[in-house]
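**Q** Below are the structure tokens for one structure; questions will follow.
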Amino acid sequence: MPWNQKRDRLDLAIELGRLDAALEIAKSAKRATCWKQVGDLALMTGHFDVAEQCFTEAKDLSSLFLLYTATSNREGLAKLQSHSEKSGEMNLNFLSSFLLVSQAKTHTCRMTKSPASSASLTPRRSPRPPSSVWHIVRRSCPR
């Protein structure tokens, strides 16, 4: 079946709310945009397992973050944190680490990709010793 027909069938299945048909079309089309659309439909209809599968296939880390935080899925958030670190998505890496209360990872992430001044805020807000703040200040303000 040509791509145009698959696209039309996918659009129709999504408009009608036929998640099963849309999922089959996305599997045969093997395109990230299709997976994203089907994932959005699954998320709106409350089929979180299907939404996770679709967003994973589409490599849509932002939607996975939304899904994992909304459903309090710590295991999924930990996988996302690891994957976002490897792919260079430092904002998602930081947020995932912060939500998982992984202060050491959060601190390292902020020092890697952010100005030291913003990285110094993380230890100040956490129950870490003040020495970690001084370590950051020394790095950002050399004598």
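**Q** Of the cross-linked pairs LYS59/LYS86; LYS30/LYS86; LYS27/LYS79; LYS30/LYS59, which ones have a Cα-Cα span greater than 21 Å in the structure shown?
**A** LYS30/LYS86; LYS27/LYS79
**Q** Which residues among the stretch 28-46 fall inside the zone where the amide N is under 17 Å from a point 7 Å beyond the Cα of ARG7, along Cα→Cβ?
**A** Of the residues in the stretch 28-46, 28-38 have backbone N under 17 Å from the label point off ARG7.
**Q** Moving to a separate point now. How high is the relative contact order of the stretch 13-87, in percent, with contacts defined as C-alpha pairs under 8 Å that are six or more residues apart?
**A** Across the stretch 13-87, relative contact order equals 21 percent.
Readers should treat all values here as calculations from the given coordinates under stated rules, not as data from a laboratory. None of these values were measured; they are calculated from a predicted model. In this analysis, Cβ positions are derived from the backbone assuming ideal geometry, glycine residues included, and neighbour counts consider all displayed protein chains.
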